[in-house]
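Input: a single structure, listed below in structure tokens.
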Amino acid sequence: MIASIASMMETLARSGRVLSTGRSWLDALLGGGFPCSSLSLVYGEASTGKTTLAMHCAVECASQKAKVLFVDSDQSLSLVRLSQIATGHADEVAENILIFSPATFEEQTALIESLENYVAASLRLVIVDSITSLYRASLGPSANVFEQNRQLNRQLAYLAELAPKRELAILVTGHVHARPLHGDAVELVSHRLMTYWPSVILRLSLAAKNGSRLVALEKHFARDIAQKCSYRIADEGLVRATLEKYEERRL
């Protein structure tokens, strides 16, 4: 069974139906990269490298002369950092990345629901970083929580439908929040909605020692055995430490 899955993912990689992250060790964890025609989620605490990982994917895609649409809802996309990751060909990469910066959750909803207007033959990757930041900022009295949850669900559903329809790799990032009465435990913001729609989910977390981080594969449509990998954040981006198997964690 494991051999057949590995063979299938290898075939997907050769056929261009997965999108490389630009990090070979992370591609290995994912079975070749993030799948095209699917919605994928990367989530975790602050300073775990969610935006850096998104930039790796954007640079790798843009380097192949494909277009990237980057929705910078966190206002955290640094052109200086992008240049560090795209060493030697930053100008060429920048030409292929279209950046949007919605200011409100309503603007984000309108932008996501109009994404098909921007789809061209050369567009291969859509990134929303982070899909939950403006959502959290918009939450006020309990009376509007239902409406904001409805909007978030609409956004995720639209992206999950657009990916196979237009053969796009779509990557969203998500935040976590503290769990009261559970010590230092955290959970994904709007956990139920955020885990329902994606086909692939990566969890990034802070490790207990050496300033390293951990990436764990928590969901994949074609992989039975979850894995984790330790890494650190350097000038050139995410750098691998070690790779090992682990038992899948249930939030």
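The values are calculated or read from the model by the stated rules, or taken from the named source; none is laboratory data. The structure displayed is predicted, hence computed values, not measured ones. Glycine gets a Cβ as well: all are built from the backbone with ideal geometry, and neighbour counts include every protein chain shown.
Observations on the structure shown:
- Pair list, Cβ under 6 Å, 6 or more apart: the stretch 222-250 residue under 17 Å from GLY44 (Cα atoms), other residue at pLDDT below 65 and of a type in the set (S, T, N, Q): SER230/THR242
- Verdict on ALA28 being in contact with a Leu (Cβ under 8 Å, 6 or more places away or on another chain), modelled with pLDDT under 95 and more than 22 Å from ALA137 (Cβ to Cβ): yes
- Flag for SER133 being of a type in the set (Ser, Thr, Tyr) and over 20 Å from LEU193 (Cα atoms): no
- Among the residues of the stretch 138-175, the ones that are touching a residue at least 60 places away in the same chain (Cβ under 8 Å) and more than 14 Å from the chain's Cα centre (by Cα) come to 2 in all.
- All positions within the stretch 65-115 that are surrounded by fewer than 12 Cβ atoms within 10 Å (Cβ to Cβ) and closer than 22 Å to PRO164 by Cβ: SER114
- Output for the stretch 59-116, where each listed residue is under 19 Å from GLY237 (Cα atoms), among the small types (Gly, Ala, Ser) and touching a Ser or Thr at 6+ places or on another chain (Cβ under 6 Å): SER76, ALA90
- Residue that is surrounded by the fewest Cβ atoms within 10 Å (Cβ to Cβ) [pool: residues in the stretch 31-52 that are on the phi < 0 side of the Ramachandran plot and out of contact with any strand residue (DSSP E or B) (no Cβ under 6 Å at 6 or more places or on another chain)]: ALA46
- Residue match in the stretch 12-30 (condition: surrounded by fewer than 17 Cβ atoms within 10 Å (Cβ to Cβ) and assigned to a loop (DSSP other than H, G, I, E, B)): yes
- Residue match in the stretch 197-218 (condition: over 20 Å from VAL68 (Cα atoms), surrounded by fewer than 17 Cβ atoms within 10 Å (Cβ to Cβ), modelled with pLDDT of 95 or more and among the charged types (D, E, K, R)): no
- Scanning the stretch 163-192 for residues that are part of a helix (DSSP H, G or I) and within 25 Å of THR52 (Cβ to Cβ), we see that the one that is modelled with the lowest pLDDT is HIS191.
- Flag if GLU116 is within 13 Å of ALA58 (Cα to Cα), modelled with pLDDT of 90 or more and over 19 Å from the mean Cα position of the chain (by Cα): no
- Subset of the stretch 116-145 (residues that are touching a strand residue (DSSP E or B) at 6+ places or on another chain (Cβ under 8 Å) and crowded, with 21+ Cβ neighbours inside 10 Å): ARG124, LEU125, VAL126, ILE127, VAL128, ASP129, SER130, ILE131, THR132
- Pairs with Cβ under 8 Å, 6+ apart, first in the stretch 90-116 and closer than 11 Å to GLN151 by Cβ and assigned to a helix (DSSP H, G or I), second at pLDDT 95 or above and basic (Lys, Arg): THR109/ARG154
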